Amino acid sequence: MYDRKTIEEITREYQRWSDKLEPTLAKRPERKAEFINTSGIPIKRVYDPTDMDDFDFLRNIGLPGEYPFTRGVQPTMYRGRFWTMRQYAGFASAEDTNRRYRFLLEQGQTGLSVAFDLPTQIGYDSDHPLAQGEVGKVGVAIDSLKDMETLFDQIPLEKVSTSMTINAPAAVLLAMYIAVGEQQGTASKDLRGTIQNDILKEYSARGTYIFPPKPSMRIITDIFAFCSQEVPQWNSISISGYHIREAGSTAVQEVAFTLADGIAYVEAAINAGLDVDEFAPRLSFFFNAHLDFLEEIAKFRAARRLWAVIMRERFKAKDPRSMMMRFHTQTAGCTLTAQQPKNNIVRVAFQALSAVLGGTQSLHTNSMDEAFCLPSEEAVQVALRTQQLIAHESGVTDTVDPLAGSYYVERLTQEVYDRAQKYIETIDELGGAAAAIEKGYIQREIQDSAYRYQKEIEKDERVVVGVNRFQIEEEPPKDLLRVDPAVRTSQIKRLEKLRSERNNDKVQDILGDLRKAAGGSDNLMPIILEAVRAYATLGEICDALRDVFGEYQPVSTLGG
Amino acid sequence: MTNTRKIRILAAKPGLDGHDRGVKVIANALMDAGMEVIYTGLRQSPEQIVETAIQEDVDVIALSILSGAHDFLFPRIMELLKEKGVTDVLVIGGGIIPDEDIGELKKVGIAEIFGPGTYTDDIVTYIQENLKR
């Protein structure tokens, strides 16, 4: 980016400055012999224009809203509109959660994000034996369209955008959302939102899988095809690095494994006969905002550029929207401490700031009490206010990509880009993301990083304020949000009532058709929608698919 | 320890949550400390956990759960162990478990609960000092 003469001059000056520093360093050494971040990238004492010597501004950085989108997917970014403030929420019954949603919307939240309980995420009704103890605990329990109607009661779906963290049974929950829209008089083409629908990271990091990879990928491409025709404003997938990072990966691994999953979905869809520019504009992503502030900003910028290059070069996309990586961000849950929980407010604030400086499209800020339990109303209000403070008071939103051109941030962006690309090459050699997961490669990489991170804390090489430094004696927290175990009993009663009121012959017929369709190659979405409208339960629909597809058996990755 | 056999541990994930970062970190640390670890994988029912513990003849069961279902699942596991006459196995737990629940869990026989921020070394030492056989 600089002419030869300037670079030579800077190099000479840098040498002079380093020589001058030597005696001082001999007397007063730096805090560490070497500074290396968690991704293994060595950090220099100071960065200067020589670190950007190989940079081509237009090729590597460019302008916002244009290829390679390093600086953001929209030309005006937050000067036009702030990111969507979207707090992930859900607990107990649909009534309880509906009440929380309406509270959040009153507080100025601009989108909804549904947390489902684990039985729902794994395709079990609340009366399933394995659901004991789990109903309504980590999210809302949804057994049928009836519960979904209650969840969105008095919330106009034509006005709000809704993200649903649902993967293996994503088709069923999307169908329920479409059916609620129909009841409210909102056509599916006017619905806006996202389903997570990212099964590969369930196998590698998050754990709520049901079916084996092959039929799972088929359901996903069915959803892509269906959405591109019927729900054109819907994000048909949210390819997620968040959970990969929470499981312990580094920033570079987060980018690499997420984009490798993305590549697998694009390949699957193309193999299913879809045109890349038909579905790729509706692919979205989900990242973690972790502790290393500048590395995180570099990570978001690098990920955006890498995806743009992959889509244009590898998949020959023509539509710029296919190359745009739009993403949601959540602050890192795994960095919250149970010790001195108020410190978490500060951690969340700078993690959220990195997401904004990295150009996120929507954001969830964690609540300070999440190392103990689901967030209380007071804690979630502070978390939402944190976003509003960044948006309205910090000033960082007045220009696009304000850290571009920082020698360090640009170098780090390039480092993350190069290292992630190298990982993707390795995964390609293993046969792609699905094969790498089946071989246990990705899981092992993640768990090794997690173990290293923990050991660094225990050896005092990494300081966690309040945990291994600056500890105090403190009282255990009080007034935690608790889910009443009676939720399961009332869900079971609702299921019994539903089964006695609906047309059971019709439900059985449709489930039979669904089994037949699953064995063939027709798109499954229309028949799932029909099943949902007839009030077949989530568990019944997933069981019908289990009959045909079977269940995923994970590989062991511990030891050896 | 008087016997020469390695300490055998069943690291188990009861319930439906997929958070296995903690259990894998601890399993690695226990193996590094010379113990033998059998990991169940995700979504194990109390019946499966107790059966595996008996079959594998383990000295310790280490339960990890982050979904909040410990209040049902931990007591159920202890009940099943008792039914099967297993009384000499040390059972410990960890994950996201509120302080106010720990008393109840100890009452049913969970020896100790290790929350977020626990050092793996402390768990190793605890196991070495509290084995029941």
Exercise for review: Please tell me if residue A:391 is open to solvent by less than 20 Å² (accessible area, probe 1.4 Å), closer than 25 Å to residue B:21 by Cα and assigned by TED's automatic domain parsing to the domain that holds residue A:276.
Suggested key: no
Check your understanding: Does residue B:85 fit the bill of being away from chain A (no Cβ under 12 Å) and not in a helix (DSSP H, G or I)?
Key -> yes
**Study point:** Count - residues of the stretch A:37-57 that are among the hydrophobic types (A, V, I, L, M, F, W, C) and either open to solvent by 90 Å² or more (accessible area, probe 1.4 Å) or modelled with pLDDT of 95 or more (or both)
**Key:** 3
Practice item. Take the stretch A:303-357 and flag every residue that is of a type in the set (Phe, Trp, Tyr) and within 26 Å of residue A:195 (Cα to Cα). Key: A:307, A:315, A:327
Practice item. Tell me, yes or no, whether the stretch B:100-112 has at least one residue that is within 14 Å of chain A (Cβ to nearest Cβ), open to solvent by 30 Å² or more (accessible area, probe 1.4 Å) and of a type in the set (Asp, Glu). Key: yes
Review point. For residue A:60, all conditions in the list (1) under 20 Å from residue A:298 (Cα atoms); (2) at pLDDT below 95; (3) assigned to a loop (DSSP other than H, G, I, E, B) hold save one; what is the number of the exception?
Key: (3)
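The rows are residues; the columns are (1) open to solvent by 10 Å² or more (accessible area, probe 1.4 Å); (2) assigned by TED's automatic domain parsing to the domain that holds residue A:263; (3) over 19 Å from residue A:526 (Cβ atoms).
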{"residue": "A:170", "(1), (2), (3)": "no, yes, no"}
{"residue": "A:174", "(1), (2), (3)": "no, yes, no"}
{"residue": "A:179", "(1), (2), (3)": "no, yes, no"}
{"residue": "A:189", "(1), (2), (3)": "yes, yes, no"}
{"residue": "A:193", "(1), (2), (3)": "no, yes, yes"}
{"residue": "A:197", "(1), (2), (3)": "no, yes, no"}
Practice item. Looking only at the stretch A:441-455, count how many residues are within 12 Å of another protein chain (Cβ to nearest Cβ) and either open to solvent by 30 Å² or more (accessible area, probe 1.4 Å) or in a loop (DSSP other than H, G, I, E, B) (or both). Key: 7
Review point. Out of all the residues in the stretch B:29-63, which are free of Cβ contacts under 8 Å to residues at least 12 places away in the same chain and out of contact with any strand residue (DSSP E or B) (no Cβ under 6 Å at 6 or more places or on another chain)?
Key: B:32, B:48, B:51, B:55
Exercise for review: Mind listing just one residue for me: the one in the stretch A:204-253 that is in a loop (DSSP other than H, G, I, E, B) and more than 14 Å from chain B (Cβ to nearest Cβ) and, of those, most open to solvent (accessible area, probe 1.4 Å)?
Suggested key: A:233
Exercise for review: Please state which one of A:47, A:101 is touching a residue at least 60 places away in the same chain (Cβ under 8 Å) and either outside the structural domain of residue A:412 (by TED's automatic domain parsing) or within 30 Å of residue A:539 (Cα to Cα) (or both).
Suggested key: A:47
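Conditions tested, residue by residue: (1) part of a strand (DSSP E or B); (2) within 13 Å of another protein chain (Cβ to nearest Cβ); (3) more than 23 Å from residue A:245 (Cα to Cα).
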position: B:5; (1), (2), (3): no, no, yes
position: B:29; (1), (2), (3): no, yes, no
position: B:42; (1), (2), (3): no, yes, no
position: B:57; (1), (2), (3): no, no, yes
position: B:75; (1), (2), (3): no, yes, yes
Exercise for review: Sort out which residues of the stretch B:113-127 are more than 10 Å from chain A (Cβ to nearest Cβ) and either among the aromatic types (Phe, Trp, Tyr) or surrounded by 18 or more Cβ atoms within 10 Å (Cβ to Cβ) (or both), and write them in order of number.
Suggested key: B:113, B:114, B:123, B:124, B:126, B:127
Practice item. For the stretch A:286-293, indicate whether the set of residues that are in a helix (DSSP H, G or I) and out of contact with any Gly (no Cβ under 6 Å at 6 or more places or on another chain) is non-empty. Key: yes
Practice item. Out of A:150, A:165, report the one residue that is open to solvent by 10 Å² or more (accessible area, probe 1.4 Å), under 20 Å from the mean Cα position of the chain (by Cα), at pLDDT 95 or above and of a type in the set (S, T, N, Q). Key: A:165
Check your understanding: Of the numbered conditions (1) surrounded by 24 or more Cβ atoms within 10 Å (Cβ to Cβ); (2) polar (S, T, N, Q); (3) within 12 Å of chain B (Cβ to nearest Cβ), residue A:97 satisfies every one except a single condition; which is it?
Key -> (3)
Check your understanding: Can you name the residue in the stretch A:337-386 that is of a type in the set (Val, Ile, Thr) and part of a loop (DSSP other than H, G, I, E, B) and, of all such residues, is farthest from the other protein chains (Cβ to nearest Cβ)?
Key -> A:360
Exercise for review: Scan (1) within 29 Å of residue A:300 (Cβ to Cβ); (2) outside the structural domain of residue A:303 (by TED's automatic domain parsing); (3) open to solvent by 50 Å² or more (accessible area, probe 1.4 Å) for the single condition residue A:17 breaks and write down its number.
Suggested key: (1)
Practice item. Could you tell me whether residue A:271 is on the phi < 0 side of the Ramachandran plot, modelled with pLDDT of 95 or more and either outside the structural domain of residue A:199 (by TED's automatic domain parsing) or open to solvent by 10 Å² or more (accessible area, probe 1.4 Å) (or both)? Key: yes
Exercise for review: Could you pull out the residue among A:71, A:102 that is closer than 30 Å to residue A:282 by Cα and surrounded by 15 or more Cβ atoms within 10 Å (Cβ to Cβ)?
Suggested key: A:71
Review point. Residue check, residue A:129 against (1) away from chain B (no Cβ under 14 Å); (2) out of contact with any helix residue (DSSP H, G or I) (no Cβ under 9 Å at 6 or more places or on another chain); (3) not hydroxyl-bearing (Ser, Thr, Tyr), all met but one. Which one?
Key: (1)
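The values are calculated or read from the model by the stated rules, or taken from the named source; none is laboratory data. Given the structure is predicted, the values throughout are model-derived calculations rather than measurements. Heads up, the Cβs are rebuilt from the backbone with ideal geometry, glycines too, and the neighbour counts pull from every protein chain shown. When the accessible area is computed, the model is the full protein with side chains, heavy atoms only, and any ligands, DNA or RNA have been set aside. Shrake-Rupley method; radii C 1.70, N 1.55, O 1.52, S 1.80 Å.
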